[in-house]
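Data block below; observations after.
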Amino acid sequence: MRQIFSTARRHREERIRRRNTVEERRLRAAFRPKGDRGFSPRVTINHVPTPFLTLAWLISIPYSTIPSFWLLIHPHAAYWRSRRTSPYKILLPIWIAMSIALAAITFPWRHVTLYHDKRTLLPAALLFLTGILLYRLSRTNFTLAQLGGLPELLPGHNQQLITTGIRARLRHPVYLAHLCELLAWSLASALAVCWLLTAFAILTGALMIKLEDDELEKRFGEEYRSYRAAVPALIPKLKL
């Protein structure tokens with residue numbers, strides 16, 4: 001008899017649990033926005049981040065600090081060129097320290113995602129490949145020393161203004177490539193911290209480009225002023 005009552009109680013509890021589950025699903029469906037079919041703008045937390053999310057976070061950190069690194073250089077280019085020792089002995093440790101500090105600041109939020117939608121992977125891949133293509137095109141008629149900023153930092157390097165190749169269409173293709181890579185990782189990972197780092201890079205990058213253009217104008221004079229007036233910084237003009 002006791003076993004019969006125990007079995008009946010378990011069945012009753014199971015029915016109650018199933019009824020509560022059905023009611024919960026109905027409530028969720030009632031409050032779900034219309035047209036919501038997989039894309040969820042609600043902030044969620046992945047308590048066990050996947051390697052891809054961790055990789056996206058780690059890659060976005062140095063990318064987002066690149067404009068800040070160059071902000072240390074362009075306003076003080078004459079000072080860095082006047083030094084007897086290589087400025088990189090000071091600048092590279094500062095850049096590393098900035099990246100470590102940014103990693104420490106963003107570490108608690110490295111799990112937070114803004115959405116879950118596989119449809120973002122295709123545009124993210126296109127942005128990633130566009131960035132790679134821009135890097136390759138930027139190498140044309142442009143030395144590694146110029147890409148590394150040695151003419152700005154060290155005396156005795158070739159002070160030549162390159163306006164051919166991809167630079168006939170936009171002045172700063174490398175910075176556009178950086179932005180494409182940042183957007184690609186942010187879009188694919190959906191990490192809130194990646195989007196914040198991208199916004200930080202855009203704000204500091206806009207100031208950095210302005211200061212770099214001013215410094216190049218001082219170095220090349222009227223030649224760069226004409227080039228700056230004719231060629232856009234990042235978005236090429238479309239010929240219709």
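The values are calculated or read from the model by the stated rules, or taken from the named source; none is laboratory data. Worth saying up front: this structure is predicted, and the values here are computed from it rather than measured. Every residue, glycine among them, receives a Cβ derived from its backbone with ideal geometry; neighbour counts consider all protein chains shown.
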With THR204, THR164 as the choices, which residue is of a type in the set (Ser, Thr, Tyr), touching a helix residue (DSSP H, G or I) at 6+ places or on another chain (Cβ under 9 Å) and either assigned by TED's automatic domain parsing to the domain that holds ALA77 or at pLDDT 90 or above (or both)?
THR204
So which residues in the stretch 33-84 are outside any helix (DSSP H, G or I) and modelled with pLDDT of 80 or more, if there are any at all?
THR50, LEU72, ILE73
Any pair with Cβ under 7 angstrom, 6 or more apart, that starts in the stretch 199-216 at a residue that is within 14 Å of TYR227 (Cβ to Cβ) and ends at one that is among the polar types (S, T, N, Q) and modelled with pLDDT under 95:
none
Of the conditions (1) in contact (Cβ under 8 Å) with a residue 40 or more places away in the chain; (2) farther than 18 Å from GLY205 by Cβ; (3) among the β-branched types (Val, Ile, Thr), the single one that ILE96 does not satisfy is (1)
Test for ALA145: is it modelled with pLDDT under 90, assigned to a helix (DSSP H, G or I) and surrounded by fewer than 14 Cβ atoms within 10 Å (Cβ to Cβ)
yes
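Yes/no matrix, rows are residues, columns are (1) in contact with a Lys or Arg (Cβ under 8 Å, 6 or more places away or on another chain); (2) free of Cβ contacts under 8 Å to residues at least 24 places away in the same chain; (3) basic (Lys, Arg); (4) not assigned by TED's automatic domain parsing to the domain that holds ARG81:
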site	(1), (2), (3), (4)
PRO108	no, yes, no, no
LEU114	no, no, no, no
THR120	no, no, no, no
PRO123	no, no, no, no
ARG136	no, yes, yes, no
Listed residues LYS210, LYS237; which is surrounded by fewer than 16 Cβ atoms within 10 Å (Cβ to Cβ), out of contact with any Pro (no Cβ under 8 Å at 6 or more places or on another chain) and under 20 Å from TRP70 (Cα atoms)?
LYS210
Please note which helices (runs of 4 or more DSSP H) are completely contained in the stretch 173-240 and include at least 3 residues that are among the β-branched types (Val, Ile, Thr).
192-220
Would you be able to say whether some residue in the stretch 75-85 is closer than 20 Å to LEU191 by Cβ, buried (at least 16 other Cβ atoms within 10 Å of the Cβ) and in the same structural domain as ALA206 (by TED's automatic domain parsing)?
no
Any idea which of (1) under 23 Å from LEU211 (Cα atoms); (2) modelled with pLDDT under 85 is the one SER138 doesn't satisfy?
(2)
Here are some conditions: (1) surrounded by 13 or more Cβ atoms within 10 Å (Cβ to Cβ); (2) under 19 Å from PRO232 (Cα atoms). PHE128 meets all but one. Which one does it not meet?
(2)
